[in-house]
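*Asks:* The structure's right below; bear with me while I get my questions together.
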Amino acid sequence: MTAKKKKIVLLGAVSSASSAGAEFDHACAEAMKALRDLSFEVALISANPTAASTDIDAPGPVYFEAVSPENLAAAIEREKATALLPVFGGGAAVNAATAPATLKAMKKMGASLMGVSETSRAASVDRRKFLKLMKIAGVEVPPGAVVSSIEEAEAAALEIGFPAALRPLMSEGGAGNSTAYNMEDLEGQAASALKSSAAGTILVEKLLRGWKEIEIVLMRDANGNAATVAMIENIDPAGIHSGDSAAVIPAQALTLGATRRLKKSAEAVARALDAVGVVNVRFALEPASGDIKLIYAVPRYTRSSAFAARATGYPVARVAAKLVCGLTLDEITEPEFGSGNAFREPEPDYCVTRLPRFDFEKFPGADDTLDTAMKSTGGAMGTGRTFKESLLKAMRALETSRPKPPDASTEAGRETLRGLLSRPNPARLFHIFDALAAGMRVEEIRGLTLIDGWFVSQFAEIAEISARAGKYRIETAPASLLKQAKLAGLGDEDIARLLETEETELRRLRKKQGTTAGAGAMDASGTARARYAAFESTDAAPKGDRGKKIIILGGGPNRIGQGIEFDYCCVHAAYAIKEAGYTAILINSNPETVSTDFDTSDRLYFEPLTFEDVMNIIDREKPHGVIVQLGGQTPLNLATKLLRAGAPILGTSPDNIDRAEDRKRFKETLDKLNLTQPDNDTAGTVEEAVRKARQIGYPLLVRPSYVLGGRAMRVVYEEADLREYMAKAVSASPDKPVLLDRFLDDAIEVDVDAVADGERCLVCGVMEHIEQAGVHSGDSACCLPPYTLNEAIVEEIKGATRAMARELGVVGLMNVQFAVKNDVIYVLEVNPRASRTVPFVSKATGTPWAKVATRVMLGESLEKQGVAEDSVPEHMSVKEAVFPFSRFPGVDATLGPEMLSTGEVMGIDRDFGMAFLKSQIAAGQKLPDKGAVFVSVKNSDKRAIVPIARKLIDMGFEIVATEGTASTLRRNGIEARSVHKLDQGRPNVLDVVKNKEVVMLINTPAGKDTKVDEAKIRSAAIARDIPLVTTISGAQATVQGMEAFRERGFTVAPLQEYHKKNLAASNARKSAAHKAPAKKTAAKKK
């Protein structure tokens, strides 16, 4: 080892946006472990509160700041760090670390850059250097050119021919990537790509249509030794972003010769870049000729690195961290390697398929065609003995409903089906099964999809088994056919549907026939810490576990409404279970999370979160208890069915959970407690909804029951809107009624997290929403402690929370949403489970509430734990949502009751204004300090906009407004320049935005009549990175933050410094509790 550095600043991910997911949280957590093993001091910069790596008990200081050159320099100076390590935080982190301002500051302070070689850094910004290096390495690249203007892009495309792939250099997650099929496409796409490039340049490259894509993940040390961790073969052909492409490990349809040439080329690329650590090298392979072209090389941790680590059991991030510190592969030993070292190449005897998860239904009008720009929100992994088994398990793990197939009995339907196969889209793999069922031949499907024929043949084998099963009923189905179907990966629910029976009946029959799942090991040493279920395997359940076994159900693939905030809770549950002396067993299908680190739990099962797959593990492990309340809605939806099957559910009983979810039972509970809720009712038909709406009054908040993330939730203002909504809403929850609530316009919404042990309830945190009621809680910024509510209101809210926790018999976590209007407190909803705000509240208060809740579920009272409601923090913490609007051009960026965000960030400071400003900057809003601000608000907001505009004028900004808003401002003595609406002539407001004549937009939606025009304006602002505010309360907070910055500028401080006083008090209580006489209590089982 040659490392001499003593203190390292580690860069985390910005947030869990669609292109910067949970894999970077996992990578940072692993890197921190590795650096600690090597006796380094570590400080982390990340504004992501959902990350397990940003906990207050992290091994070093944690800075909740935007990953920017200014903040990096400030943290390095404050920590007196000797090095900066950015390669585990994604492309944005590397770009910030290699920005000229950062490098200049590092040079001044004598700090060095780790993990990024001078050669690879130079090659990333200078394509000519990269091409020269590849030529020396003997690696070919597709025809292309690097350009810095639209005109140069057009010339390059004419030379190489269409279709052309456009890739911005130094962008994150394929931002700005596109495929141009003609010159008209190219002009707009080139402008977008140039905007996305941190280097101001884009690569225009020949699209290798019909080629295969293969990615190699390899480790390389400073001595030039290299080990291939995995060869990832994409099922989809070239032209689709790696995060959106179905992929498999190990490669299935490659010849031995092609495999050898690809590995050799990957090592040559890594050597040419002088890369040390993990390197991801992506190739295109022409199936007929065997030609190989390099698509890209990324010498840092990526989503593919995470997939390779999970699929093989090789701890990629931990080993990579030690490699960049100077160790060589043969010097690194890890528990996963048994008695060996890191200089090894895994050879799994099983197959792993990763499928992306999409949420296009959240963005009506978005183009769901898949291309080189990433659009997925997460992914799921299926593991089996064969490709067929792993594919079908991955499909189950996605937790999406199968799309309705076109009517293939008509020529028009068959033509529609051909179109769905030829156009890459989220449902294409499912439509392959539809095509096979319709009699389409493998060769035709191969020609339409350009997917390798080997994979299509595997689909055909699955379809053939399904077709045979469909000829029987459960009474006549041969045991051998059921066994064959299970070996092929078909789920009980699928087989039961084919046999026209119930899933439980099918499960009973196959168990009687002896067709049960065994388990196989999937870590590098075969120690069985990570496992998968398989019907070919018959090994026995592991022996020698310590204490009782507790199973935690994870959250599955990340999606809108259910992301890594729930994974954070599962991680802390595993820690708490192990600390209590029990065996922690975790079930999850998400390869990008900390919960699926092989050392988070005692045993990890990579399995779909379905009734069948979970019960297979419960049958094998025979646990003392199962925790369902921490992983979001997915495990909660299984709770009742698992309980009926005999699973020992810990925590709040499913019946009490239903009391909170069921509208009638919940109303009875609130009436008993004398708590107020908005007038409400339920309806199962359109006419019933119309009749009851007349009784309740408009506006109405309408939504399906038993859904997460506000799916299909709307505010309707009149009967026609309600009729239109009801026709669609039932599909989101077909067996449940639609909920009708009187909408409290202009109310303040409040979120409360609490933990209870069945007798006592502690309020973890009270959060005041910054956006007014009507914006989904997951999309609204919020502040802890409340920044406008008076103390009496807050205390009344806390009292109501405690009363509901006692009445509902809550054991574990609970979330309550309130609305406050005219000092009247309304209860909106109660969820006796972990909420998405638990990580934020834990960071804001300094208490690991998910751990506390888990220990409660294991039988340890709050009193015994020594936990109390700490005094109100002296600092302000603001949580802000991060949205993927830039990924979906043309989608309206208006916030409403349906959740749209894919991640979140946190700002923390001594006052609200600065904390809010920090959260905005971390979320990507580059707030201006001068220029013109466009203002256009609905009539009901015109009074409230006046003081906001006045403050902007006082700060030196100019106001540009549509005539109605401008007239209001002028009447109040505020100068405003008028601009035309879209239908009033040119130049209009859209021209002003497109010309970037304004530096910020404040635009509150006015209603249906102007919706299309306003959506165009908001979309244009997002496309040009112009800050956009769509609520009046958000505008007030934004201006307050801008004022705070002008008054005192930025300062940075670690999370631990904000919590010094509270931590001391908490440690004293815990010490006293541990000295008290021990009481033995049983785990809380319902």
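The values are calculated or read from the model by the stated rules, or taken from the named source; none is laboratory data. Note that this is a predicted model, so its numbers are computed, not measured. Here the Cβ is made from the backbone with ideal geometry for all residues, glycine too, and neighbour counts use every protein chain on show.
*Asks:* From the list GLU205, GLU215, which one is outside any loop (DSSP other than H, G, I, E, B), under 28 Å from ALA153 (Cβ atoms), touching a residue at least 60 places away in the same chain (Cβ under 8 Å) and more than 28 Å from the chain's Cα centre (by Cα)?
*Replies:* Result: GLU205 is the single residue among GLU205, GLU215 that is outside any loop (DSSP other than H, G, I, E, B), under 28 Å from ALA153 (Cβ atoms), touching a residue at least 60 places away in the same chain (Cβ under 8 Å) and more than 28 Å from the chain's Cα centre (by Cα).
*Asks:* Of these, PHE912, PHE957, which one is surrounded by 18 or more Cβ atoms within 10 Å (Cβ to Cβ) and modelled with pLDDT of 95 or more?
*Replies:* Result: PHE957 is the single residue among PHE912, PHE957 that is surrounded by 18 or more Cβ atoms within 10 Å (Cβ to Cβ) and modelled with pLDDT of 95 or more.
*Asks:* Something else about it: Can you tell me how many residues in segment 33-58 are within 25 Å of the chain's Cα centre (by Cα) and without any contact (Cβ under 8 Å) to a residue 60 or more places away in the chain?
*Replies:* Total meeting the criteria: 4.
*Asks:* Would a scan of segment 936-946 turn up a residue that is part of a loop (DSSP other than H, G, I, E, B) and surrounded by 17 or more Cβ atoms within 10 Å (Cβ to Cβ)?
*Replies:* Taking every residue of segment 936-946 in turn, at least one turns out to be part of a loop (DSSP other than H, G, I, E, B) and surrounded by 17 or more Cβ atoms within 10 Å (Cβ to Cβ).
*Asks:* On to the next question. What helices (runs of 4 or more DSSP H) completely inside segment 66-135 contain at least 3 residues that are over 32 Å from the mean Cα position of the chain (by Cα)?
*Replies:* Qualifying helices (runs of 4 or more DSSP H): 100-109.
*Asks:* I'm trying to understand the selection: among the residues of segment 663-697, which are free of Cβ contacts under 8 Å to residues at least 40 places away in the same chain and either in contact with a strand residue (DSSP E or B) (Cβ under 6 Å, 6 or more places away or on another chain) or not basic (Lys, Arg) (or both)?
*Replies:* The answer is GLU668, ASP671, ASN674, GLU687, GLU688, VAL690, GLN695.
*Asks:* Can you tell me how many residues in segment 473-503 are buried (at least 16 other Cβ atoms within 10 Å of the Cβ) and either part of a loop (DSSP other than H, G, I, E, B) or of a type in the set (Ser, Thr, Tyr) (or both)?
*Replies:* Here the count works out to 8.
*Asks:* Considering only segment 786-807, I want to know if a residue exists there that is closer than 23 Å to THR600 by Cβ and either touching a Pro at 6+ places or on another chain (Cβ under 8 Å) or not polar (S, T, N, Q) (or both).
*Replies:* No - not one qualifying residue is present in segment 786-807.
*Asks:* Here is a further query. Of LYS362, LYS404, which residue is among the charged types (D, E, K, R) and without any contact (Cβ under 8 Å) to a residue 60 or more places away in the chain?
*Replies:* So the residue among LYS362, LYS404 that is among the charged types (D, E, K, R) and without any contact (Cβ under 8 Å) to a residue 60 or more places away in the chain is LYS404.
*Asks:* Considering only helices (runs of 4 or more DSSP H) fully contained in segment 643-705, which possess at least 2 residues that are more than 32 Å from the chain's Cα centre (by Cα) and acidic (Asp, Glu)?
*Replies:* Because the criterion is at least 2 residues that are more than 32 Å from the chain's Cα centre (by Cα) and acidic (Asp, Glu), the helices (runs of 4 or more DSSP H) in segment 643-705 that meet it are 663-673, 686-696.
*Asks:* Just to be sure, is GLU361 surrounded by fewer than 24 Cβ atoms within 10 Å (Cβ to Cβ) and either within 18 Å of GLU23 (Cβ to Cβ) or over 27 Å from the mean Cα position of the chain (by Cα) (or both)?
*Replies:* The answer is no for GLU361.
*Asks:* For segment 101-139, enumerate the residues that are surrounded by 14 or more Cβ atoms within 10 Å (Cβ to Cβ), over 25 Å from ALA83 (Cβ atoms) and touching a residue at least 12 places away in the same chain (Cβ under 8 Å).
*Replies:* Those that are surrounded by 14 or more Cβ atoms within 10 Å (Cβ to Cβ), over 25 Å from ALA83 (Cβ atoms) and touching a residue at least 12 places away in the same chain (Cβ under 8 Å): ARG127, LEU133, MET134, ALA137, VAL139.
*Asks:* Let me ask you something else. With the requirement that a residue be closer than 18 Å to THR98 by Cβ and not in a helix (DSSP H, G or I), what does segment 182-201 give you?
*Replies:* Within segment 182-201, SER197, ALA198, ALA199, GLY200, THR201 meet the criteria.
*Asks:* For segment 689-714, which positions are touching a Phe, Trp or Tyr at 6+ places or on another chain (Cβ under 9 Å), modelled with pLDDT of 85 or more and either crowded, with 21+ Cβ neighbours inside 10 Å or within 22 Å of GLN633 (Cα to Cα) (or both)?
*Replies:* Those that are touching a Phe, Trp or Tyr at 6+ places or on another chain (Cβ under 9 Å), modelled with pLDDT of 85 or more and either crowded, with 21+ Cβ neighbours inside 10 Å or within 22 Å of GLN633 (Cα to Cα) (or both): ALA689, LEU700, LEU701, VAL702.
*Asks:* Can I ask one more? Does any residue of segment 890-899 turn out to be touching a helix residue (DSSP H, G or I) at 6+ places or on another chain (Cβ under 7 Å), of a type in the set (Asp, Glu), under 20 Å from VAL1052 (Cβ atoms) and at pLDDT below 95?
*Replies:* no
*Asks:* Also: List every residue pair whose Cβ atoms lie under 6 Å apart, where the two residues are 6 or more positions apart in sequence or sit on different chains, the first residue falls within segment 149-172 and is under 30 Å from ALA96 (Cα atoms), and the second residue, located anywhere, is charged (D, E, K, R) and buried (at least 17 other Cβ atoms within 10 Å of the Cβ).
*Replies:* If the second residue must be charged (D, E, K, R) and buried (at least 17 other Cβ atoms within 10 Å of the Cβ), the pairs left are ALA165/GLU205.
*Asks:* Sticking with this structure for a sec: Between a first residue in segment 738-752 that is aromatic (Phe, Trp, Tyr) and a second residue that is crowded, with 24+ Cβ neighbours inside 10 Å, which pairs have beta carbons less than 7 Å apart while being 6 or more apart in sequence or on different chains?
*Replies:* Close Cβ pairs (under 7 Å, with a partner that is crowded, with 24+ Cβ neighbours inside 10 Å) amount to PHE743/LEU700.
*Asks:* What do you reckon, is ASP567 over 22 Å from THR504 (Cα atoms), assigned to a helix (DSSP H, G or I) and acidic (Asp, Glu)?
*Replies:* Here the answer is yes, as ASP567 does meet what is asked.
*Asks:* Restricting the search to segment 400-410, which residues are in contact with a helix residue (DSSP H, G or I) (Cβ under 8 Å, 6 or more places away or on another chain) and either crowded, with 20+ Cβ neighbours inside 10 Å or polar (S, T, N, Q) (or both)?
*Replies:* Once the filter is applied, which keeps residues that are in contact with a helix residue (DSSP H, G or I) (Cβ under 8 Å, 6 or more places away or on another chain) and either crowded, with 20+ Cβ neighbours inside 10 Å or polar (S, T, N, Q) (or both), segment 400-410 yields only PRO406.
*Asks:* Please pick out the residue among ASP330, ASP367 that is at pLDDT 95 or above, over 19 Å from PHE598 (Cβ atoms) and out of contact with any strand residue (DSSP E or B) (no Cβ under 9 Å at 6 or more places or on another chain).
*Replies:* ASP330
*Asks:* Related question: Quick check: is even one residue across segment 405-427 touching a strand residue (DSSP E or B) at 6+ places or on another chain (Cβ under 9 Å) and farther than 20 Å from LEU609 by Cα?
*Replies:* yes
Yes/no matrix, rows are residues, columns are (1) closer than 27 Å to ASP359 by Cβ; (2) touching a Lys or Arg at 6+ places or on another chain (Cβ under 9 Å); (3) modelled with pLDDT under 95:
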residue	(1), (2), (3)
ALA412	no, no, yes
GLY447	no, no, no
LEU450	yes, yes, no
TRP454	no, no, no
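*Asks:* Answer yes if at least one residue in segment 602-615 is out of contact with any strand residue (DSSP E or B) (no Cβ under 6 Å at 6 or more places or on another chain) and of a type in the set (Asp, Glu), and no otherwise.
*Replies:* yes
*Asks:* Here's another thing I want to ask about it. Looking for whichever is in contact with a His (Cβ under 8 Å, 6 or more places away or on another chain) and assigned to a loop (DSSP other than H, G, I, E, B) here; the options are ALA408, ALA373. Which one fits?
*Replies:* ALA373
*Asks:* Can you give me the number of residues within segment 797-814 that are surrounded by fewer than 24 Cβ atoms within 10 Å (Cβ to Cβ) and touching a residue at least 24 places away in the same chain (Cβ under 8 Å)?
*Replies:* Residues in segment 797-814 being surrounded by fewer than 24 Cβ atoms within 10 Å (Cβ to Cβ) and touching a residue at least 24 places away in the same chain (Cβ under 8 Å): 9 in total.
*Asks:* Inspect segment 495-506 for any residue being within 33 Å of the chain's Cα centre (by Cα), touching a residue at least 24 places away in the same chain (Cβ under 8 Å) and closer than 22 Å to GLY384 by Cα and give the result as yes or no.
*Replies:* Taking every residue of segment 495-506 in turn, at least one turns out to be within 33 Å of the chain's Cα centre (by Cα), touching a residue at least 24 places away in the same chain (Cβ under 8 Å) and closer than 22 Å to GLY384 by Cα.
*Asks:* On to the next question. Condition first: touching a Leu at 6+ places or on another chain (Cβ under 8 Å) and either modelled with pLDDT of 85 or more or under 18 Å from LYS375 (Cβ atoms) (or both). Now tell me which residues in segment 184-204 satisfy that.
*Replies:* Listed by number, the residues that qualify are LEU186, GLN189, ALA190, ALA193, THR201, ILE202, LEU203, VAL204.
*Asks:* Oh, and also: Could you tell me which numbered condition ASP1013 fails, if it satisfies all but one of (1) closer than 26 Å to PHE883 by Cβ; (2) assigned to a loop (DSSP other than H, G, I, E, B)?
*Replies:* Against the list (1) closer than 26 Å to PHE883 by Cβ; (2) assigned to a loop (DSSP other than H, G, I, E, B), ASP1013 comes up short only on (2).
*Asks:* Between residues in segment 845-871 that are at pLDDT 95 or above and residues that are aromatic (Phe, Trp, Tyr), which pairs lie under 8 Å by C-beta distance while being six or more apart or on different chains?
*Replies:* Sorted first by the residue in segment 845-871, then by its partner, the pairs are ALA850/TYR568; LYS851/TYR575; LEU858/TYR582.
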